[in-house]
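The values are calculated or read from the model by the stated rules, or taken from the named source; none is laboratory data. Nothing here was measured: the structure is a model prediction, and the numbers come from that model. We place every Cβ from the backbone using ideal geometry, glycine too, and count neighbours over all the protein chains shown. Remember, those area values only see protein heavy atoms, side chains included, never the ligands or the DNA or RNA. Shrake-Rupley method; radii C 1.70, N 1.55, O 1.52, S 1.80 Å.
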Amino acid sequence: MEPFISNPILKGFNPDPSIICVKDVFYIATSTFEWFPGVQIHQSRDLVNWQLMGQVLDRQSQLDMKGTPDSCGVWAPCLSYSKGVFYLVYSNVRSFDGPWKDTPNYLVTSNAIEGPWSEPVYLNSSGFDASLFHDINGQKWLVNMVVDHRQGKLFGGIKLQAWDEETEKLIGKSYKVFAGTELGCTEGPHIYQRNGWYYLLTAEGGTDYSHSVTIARAKNIMGPYELHPDNPIITASQQSHAHFQRTGHADLIETPQGDWYAVYLGSRPLMPTQRCTLGRETLIEQIYWKNDWPYLATPDKTTRVQVPAPALESFPFVPNAHIDHFDSPHLSPDWQSLRVPVDESWLSLTARPDHLRLYGRESLSSIHSQSLIARRLQAFNIEVACQLEFKPESFQQMAGLVCYYNTAHYFYFYVSVDDVDTSRNQLKIIAVNNNYATEPAVEKISFSPTDPIYLKVKWIRDKLQFFYSHTNKPDSWSPFGPLLDGSILSDDYVRDGGQQYRAAFTGAFIGVNCQDLSGDNVIADFAWFSYEEYEQD
């Protein structure tokens, strides 16, 4: 039986894939936006089985995002390799809403994919989605889209500039080499060499349902670039029936055996709302060459759920356990924090052995110092639970489960003090939608702060329901609060439903949080956290 690759290869929020192959191992880097550490790295030996290795930008000197707005931070990393060195270029977007866009680009390097990675070298700020190209003649080039603020234009074409490895600086004149096609919104550039041609691959059409991949070629890297005779080469913009939508922002890879594939982002919308709670995921499809032009293997330019795999030995990975007992000195790479790195000032795995301890800090509305760790939603049907011990003394102190998109869209199932008897704890829910907070009517559940409480959420496609238990026995769970609309935790809803939050590029997360608005840093102890996908999507 012919082996197949199942799409998506990277489930849940993993957009803007950049792929390389080094010594028969494939690596993909993806965007992380405001989530820390920055830049996810997955590895595979067969293009079928993928494992999260961790993240690259693991210290604040590499990635300073404190105060970064929602959906800014790390955009479109470009991973490359040359002569024993791994290179990673990334944007750390500081602002995006409004007329100006602050988009500094940086480069880090390492002799090993696992790191340690260097301190960042500043490149430029002229636009985002920067990419480093290693010419076979030895010259290195930085290519990026140009931000043009005039008359609200934003996309000002693609520019190219030489980069000097010895001085670690851009040198010489920068050249505008491509204005884009009629699709517009030209971004995400990558350059390749093949059979004497330079190929410029770009993302066009915007990041929504018109998203596409276009390509052009030239004999000289400066151009002029001629357009592919059948652009765009990847899109679902005219295929409303396609299983994967919003496909775009691609990278090409040749296997050691000479097979070609494209990796790119795409989404699986919930119908009929067309909301994508899983965010933009990483897909793969076959590429073939005709007349020195690349073509997607599917004639309608959409993506198959199953794609023929290359003739490589199967290399499966052991899946992560579905429950985290916090018995390791380090967090699993599945966990990420918001904007700032984890440190002992707000999270400890040793203060109480076999527990995750959070010290309460700022609210979920903050873009500075939250005590929240969370993991991606990676399936449409999931169940998440945790055990919490918490002794608040004020209504300003809260801890619990969070289903989160950004600071203006989340559901928080939390424990605080009883409204009447402050010697007791009470369960509550707060729902934040377009920055407007509501507290759904719930049954009053009061209990002793010396007793652990068990919290759970079942998220079935667009329906989200919280549960609680005092014992964690299978028949002890009771629903808490109303059935909630989980589909609002999607970039589609955030862009359409909250007009002031135009930048919305991530995906839903689920995690645990402790906040203390009094400033006393109350502690919350979590004994375990479980995440289960109980139906194949």
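What's the carbon and sulfur percent of the chain's accessible surface, probe 1.4 angstrom, rounded to a whole number? Kindly include the intermediate steps, with their values, before the conclusion.
Numbers: 10370 of 21120 Å².
Result for the chain: 49 percent of the exposed heavy-atom area is carbon or sulfur.
With all distinct Cα pairs included, what does the Kirkwood hydrodynamic radius of region 396-452 come out to in Å, to one decimal, could you say?
Numbers: mean 1/r = 0.0828 Å⁻¹.
Result for region 396-452, one decimal place: 12.1 Å.
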Margin query: Given Cβ point charges of +1 (Lys, Arg) and -1 (Asp, Glu) and nothing else, what value in debye, to the nearest 20, does the dipole of region 288-441 about its Cα centre take?
Written below: 440 debye
Check: With each label point set 7 Å from Cα along the Cα-Cβ vector, what nm distance links Ser423 and Thr471?
Finding: 2.6 nm
Item checked: Qualifying chymotrypsin sites (Phe, Trp or Tyr not before Pro) for region 259-364 [loop in DSSP, other Cβ within 10 Å: at most 14] -> Phe317
Note to self: Need one word for region 305-394: rounded, prolate or oblate. Basis is the Cα gyration tensor (sqrt eigenvalues a ≥ b ≥ c); a/c below 1.5 gives rounded, then a/b vs b/c decides.
What the structure shows: prolate
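How long are the semi-axes of the equivalent ellipsoid of region 114-165, taking √(5λ) for every eigenvalue λ of the Cα gyration tensor, in whole Å from largest down?
On the way: eigenvalues 127, 47, 14 Å².
Sorted largest first and rounded, they come to 25, 15, 8 Å.
Computed over the Cα atoms of region 384-537, what is the ratio Rg over Rh, Rh following Kirkwood?
Working: Rg = 15.6 Å, Rh = 16.2 Å.
Radius of gyration relative to Kirkwood radius: 0.97.
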Notebook entry, point to check: DSSP loop GluC sites (Glu not before Pro) in region 428-537 with at most 16 other Cβ atoms within 10 Å of their Cβ, which ones?
Noted result: Glu443, Glu535
Next item on the list: Please sort by residue number the trypsin sites (Lys or Arg not before Pro) in region 1-102 whose DSSP state is loop and whose Cβ has at most 10 other Cβ atoms within 10 Å.
Entry: Lys23, Lys83
Next item on the list: Output the relative contact order of region 91-246, whole-number percent, from Cα pairs under 8 angstrom with separation of 6+ residues.
Entry: 13 percent
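Relative contact order for the chain: what is it in percent, counting Cα pairs under 8 Å that are at least 6 residues apart?
On the way: 1482 pairs, mean separation 76.1, N = 537.
Averaging sequence separation for qualifying contacts and normalising by length gives 14 percent for the chain.
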Check: Which distance in nm do the two modelled labels at Ser314 and Ser365 give, with both placed 7 Å along the Cα-to-Cβ direction?
Finding: 5.3 nm
Notebook entry, point to check: Based on the alpha carbon coordinates of the chain, what radius of gyration and maximum Cα-Cα distance (Dmax) apply, in Å?
Noted result: 23.6, 77
Next item on the list: Enter the Cα centre distance for the pair region 461-485 and region 309-359, rounded to the nearest angstrom.
Entry: 25 Å
Margin query: Distance between the C-alpha centers of region 156-227 and region 43-73? Whole Å please.
Written below: 24 Å
Check: Accessible area per residue, 1.4 Å probe, Å², for the chain: what's the number?
Finding: 39 Å²
